[in-house]
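Asks: The structure that follows is given in the form of structure tokens.
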Amino acid sequence: SCVSSKVASRRIMNQVPGWCALTLSVGHILYKQIRVFPQPPPEVQHGQQSVDDSSPETGILDVQRQMREALHEVQEAVNTCELAAASSVKDKNETLFYAVSYKHAMKEDLTVQKVLFGGGFVQLVITVLLQCTSRQRRKQAEAAVPDSHSIPGNQAWEKATVPGHLRMQLNGESEEQVEHALAIKRAGGVSLEESFSPAATKEKRSDTSIDQDWPVDNSTIALITDKYVLVTTILWLGPKIIIFAVPMLFCQVLPMAICRFYLSVVPDGTSRITRSFGFYMLFSVASILAIPVALLATLSFLLDCVAYYFFSLLFCACTCRWLRVYDGLKKIQPYRAGPSILLHLPDLFTALIGQCGRQTVFETTYMFSCMWLLMPWLKYYICCNPWIFDLGHRLCQQISTEMADLGGPEQVAEKARYIISWSRQDRETAEKIDIWSFVPHYPLPPPDRRWALGLQAGGGDYPGKFTLIVHTTHAAAAVHGVTEQFVLSNSCELPIYRVMLWYNNPYHFLTGWVEASVSNGEPSQRNKRLGGEHPMWLVTGRSPLVAGRDSWTGSGMIDAFFDYWLPVFVHEMRAQVLGADIANAKYQEVISTDGASPPMTETGMNSYKDSPTALDDMRKVAEKQHKAKTQTFGRKLARLADTRFGKMICKWLQSSDLHDAGRLFDGCSSLTHSLPERRCKLSC
């Protein structure tokens, strides 16, 4: 109604000028007609009468002329009226058009408003539901993971000081991960309840000092599956490595040089890299220089995903194993929600600095390039592929020979942290570690959390050398008074590390929960008391490729490898405390088998002359790689820390940590898994 009244008023206003023009024209004509026959004055009326009577034709002509002029003016008035009418019609059409457009616009506005209102309402409902779900899950987590982990114990690391959800945040844990570990613990400690037959004894379910029984499937189908995986791997990785290898190596030189420079100005005996303002300045520069590496690594990973789904779905469709795929995905589920590597790049920078002190910068560059290009494929397609393999939870336990002569579990743990976690050891120790075929480095975490990213450098000789990324929770880390750490092993005397191999971490080829502790050997390997234990609860298959001890990858290979490497680690531990002579005299290897790997009867390096030891193998490879020359270059770089320039730069870099309690970035070293001191105090 409002629109119609506006249109009518506008129509009237448009017609007014036309009618006014017509009225003026008619009035003008009438005026002219009256002026044609004027009434003469009385005094001239008689004279004029004679003139008019004498020329009648002249009067007629004047009248005709005046009539023509009047008709012409009338025609102009008519034309003016027509133009006014046409203009009125045009204005009417425009008015109607604007009215219809306004009506449609109003309808569209109402539609948009309805859509926006509906979207906002749906978003509000979803937010409320998510908040309610989050609160319910938090309550369930707190109920399922109370302060004592629901496992009775009186150990120091089991003392609860904060609620469960805060502890998980400080320790880099997830709800599903902790619930899964608790389920294994309630089932005995070896594996989940479903992994055992009803006739399995309690001792078998709880004996974590030996490997879990894990029969390898040597059937024809399993062998064909392994061949399919190997052939498709060669078809895919071969061309990809040829294309990506050289650019990846070249792009990593500059950021790796910054890491090596950082370590060169830090003195020997530096336990941690302080995350100061100078640290973040150099980290920013290294991050900018590493952008090409990130682009290449991302492209390589995306291409791996395409090939992974193509070959995996093809195999799954041909073998119709859809139901077993669902079961495999359930096995993986507890390890999906680990802290993001991308959100913790300063951790990776810190670990790289320490790794450059253990191995040469060119060696680290090569091994990192192999990690970017190979590890996602090894992890997702070969070692933990639910589309191709039947997955399960497997415990692989490795316990080294005893180290009771080092003074006790605390001394063993402290020396292990010096070798593995300190950012820069003395040069003699670093050069001995450099020749190992496995060089772990788990940097001490920042002050506002108990976990950090770490590195594992693996492989003895080229081209099979690589680096792996892990998430490590440090048992000795006391953050805002919190020291609580859940330990899954029943044979642990003192925990040192928990090393998580998350499924959402593509840069480690295994998936599972790993611990590194001082062992008591109970109940099946008491002769290894105070040795170093390394239990691994892995998600793996049963085919020879991924479960066999003589394979080149998988859970069986890693079990055999640590039986090979641990004697070398024990030798260095003993050399650090008791000296090289005693370490050589007490060197002892193990017989690597499934179950328990017993110590060999031979003791001392001289007893192994007929068969080279693992340490002999590593020294031979180091000689082949000319480690003596590269280590000389490393010693020269290390002298930079003793110069005036090096000390000045070190003072700037190793100043106060920005994440210390009460500092500006307390609780900000991680966007997801760190806490400020005030929040921990309020929750206590």
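Asks: Once you have the Cα-Cα distance between Leu254 and Leu295, take 0.36 nm times their residue separation minus that, and quote the gain in nm to one decimal.
Replies: The Leu254-Leu295 span can extend by a further 13.2 nm.
Asks: So, one more: Region 314-330 to region 297-312: how many Å between their Cα centroids?
Replies: That distance is 19 Å.
Asks: With Cβ to Cβ distances under 12 Å as the rule, what net charge do the other residues near Met371 carry (K, R +1; D, E -1)?
Replies: Overall, the nearby charge balance is +2.
Asks: Please list, in order, the residues from region 236-259 whose amide nitrogen is less than 14 Å from a point placed 7 Å along the Cα→Cβ vector of Leu303.
Replies: Correct set: 236-249.
Asks: For every other residue with a beta carbon closer than 11 angstrom to the beta carbon of Gly188, add +1 if it is Lys or Arg and -1 if Asp or Glu, then tell me the sum.
Replies: Net charge around Gly188: +2.
Asks: Set the Förster distance to 25 Å, then compute FRET efficiency between Leu314 and Ala245 from the Cβ-Cβ distance, nearest 0.05.
Replies: Efficiency at R0 = 25 Å is approximately 0.40.
Asks: Roughly how many Å is it from the Cα centre of region 505-553 to that of region 167-233, as a whole number?
Replies: Taking the Cα centre of each part, region 505-553 and region 167-233 sit 11 Å apart.
Asks: So, one more: With a point put 7 Å past each Cα toward its Cβ, work out how far Ser197 is from Ser284 in nm, to one decimal.
Replies: About 6.5 nm separates the two model spin labels.
Asks: Still on this model: If we sort 477-485, 516-524, 618-626 on the protection proxy, mean other Cβ atoms within 10 Å, highest first, what's the order?
Replies: The most tightly packed comes first, giving 516-524, 477-485, 618-626.
Asks: Also, I was wondering about something else. Arranged from highest to lowest average of other beta-carbon atoms within 10 Å per residue, in what order do the peptides 603-609, 181-187 appear?
Replies: The densest-packed peptide leads the list: 181-187, 603-609.
Asks: For Glu522 and Asp461 in the same chain, what is the full-extension length gain: residue separation times 0.36 nm, less their Cα-Cα distance, in nm?
Replies: This chain segment gains 18.3 nm when fully extended.
Asks: Filter the cross-link list Lys240/Lys629; Lys432/Lys647; Lys432/Lys629; Lys185/Lys331; Lys586/Lys620 down to pairs whose alpha-carbon distance in this structure exceeds 24 Å.
Replies: Lys240/Lys629; Lys432/Lys647
Asks: Quick check: from the Cα gyration tensor, does region 555-671 come out rounded (a/c under 1.5), prolate or oblate?
Replies: prolate
Asks: By how many nm would the segment from Arg186 to Ile332 grow when fully extended, if each residue of separation counts as 0.36 nm and the alpha-carbon distance is taken off?
Replies: 50.6 nm
Asks: Rounded, prolate or oblate, given the Cα gyration tensor of region 155-289, with a/c below 1.5 counting as rounded?
Replies: oblate
Asks: Okay, moving on. Let me make sure I get this right: for region 286-416, a, b and c are the square roots of the gyration tensor eigenvalues over alpha carbons, sorted descending. Under 1.5 in a/c it's rounded, otherwise prolate if a/b > b/c, else oblate. Which is it?
Replies: oblate
Asks: What is the distance, in nm, between label points placed 7 Å from the Cα along the Cα-to-Cβ direction at Arg679 and at Leu343?
Replies: Going by the 7 Å Cα→Cβ label model, 1.1 nm.
Asks: To continue, here is another question. I'd like to compare 588-600, 321-333: which one has the highest average count of other Cβ atoms within 10 Å, and what's the full order after that?
Replies: 588-600, 321-333
Asks: Any idea what the dipole of region 520-609 comes to, in debye rounded to 20, about its Cα centre with Lys/Arg Cβ at +1 and Asp/Glu Cβ at -1?
Replies: In total the dipole reaches around 120 debye.
Asks: Residues of region 499-540 with the amide nitrogen closer than 15 Å to a label point 7 Å from the Cα of Trp157, along Cα-to-Cβ, please.
Replies: 499-500, 513-522, 530-537
Asks: Any idea how far the Cα center of region 652-669 sits from the one of region 575-642, in Å?
Replies: Comparing the Cα centres of region 652-669 and region 575-642, I get a distance of 39 Å.
Asks: While we're here: At 7 Å along Cα-to-Cβ for each site, give me the label-to-label distance between Thr601 and Arg639 in nm.
Replies: 5.2
Where a number appears in this text, it was derived from the coordinates with a stated rule and is not lab data. None of these values were measured; they are calculated from a predicted model. Quick reminder, even Gly has a Cβ in these numbers, built from the backbone with ideal geometry, and neighbours come from all protein chains shown.
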